[in-house]
Amino acid sequence: QPVAGLHLGLGVRTGHLGQNSQSAPAAHTASRYDAAIAWVADDWNLGLEYFYAENFMNVTTSYGNSADGYSLFGSYSITPRIALFARYDHVRPCHDTTPACASDLVNTYYNLGVQFNASSEVKFALVYKYSRVAHGFFDTANGLIGGVNSGTYQEIGVFMQMDF
């Protein structure tokens, strides 16, 4: 945090993702690089994150792969108990065409919501989520999304967070 309110982050991960063994050695080393910047003020925050990854989808296969993406996120506190938030993600999971992935595959995701702080330990949020996968299929936390041209996933839900 070089100045009050400005947050910077860098991350590097490298390894075989638990896929290296004597009987089946890993063909590649997976690497991931992350950079984030955020501005945090009293009532709002705004941030940007970027990642680049190599061989995260195929440590044990003969072909290589790379991916990248970015996220924009922010929130605004209307009152001490109520806040609005949003996030936008754009991911290209395959720069290289491989048997598992086409190079023009794109996943676009966003969410919008309102959070209610019931107490310092309990928070509720009403959230709308949207994900679109173009030029193929992509396995997300919400299942397989996509199609020959594109496919979408939409969800509205109430979520709860409890701090212990």
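Tabulated data for the structure shown
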item	result
Residue under evaluation ASN107, criteria (1) surrounded by fewer than 17 Cβ atoms within 10 Å (Cβ to Cβ); (2) touching a His at 6+ places or on another chain (Cβ under 9 Å), criterion not met	(1)
Sole exception among (1) of a type in the set (Val, Ile, Thr); (2) buried (at least 16 other Cβ atoms within 10 Å of the Cβ); (3) modelled with pLDDT under 80 for THR97, by number	(2)
Long-range neighbours under 7 Å by Cβ, at least six apart or interchain, first residue more than 24 Å from GLY146 (Cα to Cα) within segment 106-117, second polar (S, T, N, Q)	none
PHE164, sole failed condition from (1) open to solvent by 90 Å² or more (accessible area, probe 1.4 Å); (2) part of a strand (DSSP E or B)	(2)
Residues (open to solvent by 50 Å² or more (accessible area, probe 1.4 Å), of a type in the set (A, V, I, L, M, F, W, C), outside any loop (DSSP other than H, G, I, E, B) and under 30 Å from ALA83 (Cα atoms)) located in segment 1-56	LEU8, LEU10, ILE37, TRP39, VAL40, TRP44, LEU46, LEU48
Residues of segment 125-144 classified as at pLDDT 85 or above and open to solvent by less than 80 Å² (accessible area, probe 1.4 Å), total	8
Where a residue in segment 2-22 is touching a residue at least 24 places away in the same chain (Cβ under 8 Å) and its partner, wherever it lies, is part of a loop (DSSP other than H, G, I, E, B) and of a type in the set (S, T, N, Q), with Cβ under 6 Å and at least six apart	HIS7/GLN1; GLN19/THR60
Test for ILE145: is it among the β-branched types (Val, Ile, Thr), touching a residue at least 24 places away in the same chain (Cβ under 8 Å) and touching a Leu at 6+ places or on another chain (Cβ under 9 Å)	no
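The values are calculated or read from the model by the stated rules, or taken from the named source; none is laboratory data. Please read all numbers here as calculations on a predicted model, not as lab measurements. Using ideal geometry, Cβ is built from the backbone for each residue, glycine included, and neighbour counts are taken over all protein chains shown. With ligands, DNA and RNA removed, areas are computed over all heavy atoms of the protein, side chains included. Shrake-Rupley method; radii C 1.70, N 1.55, O 1.52, S 1.80 Å.
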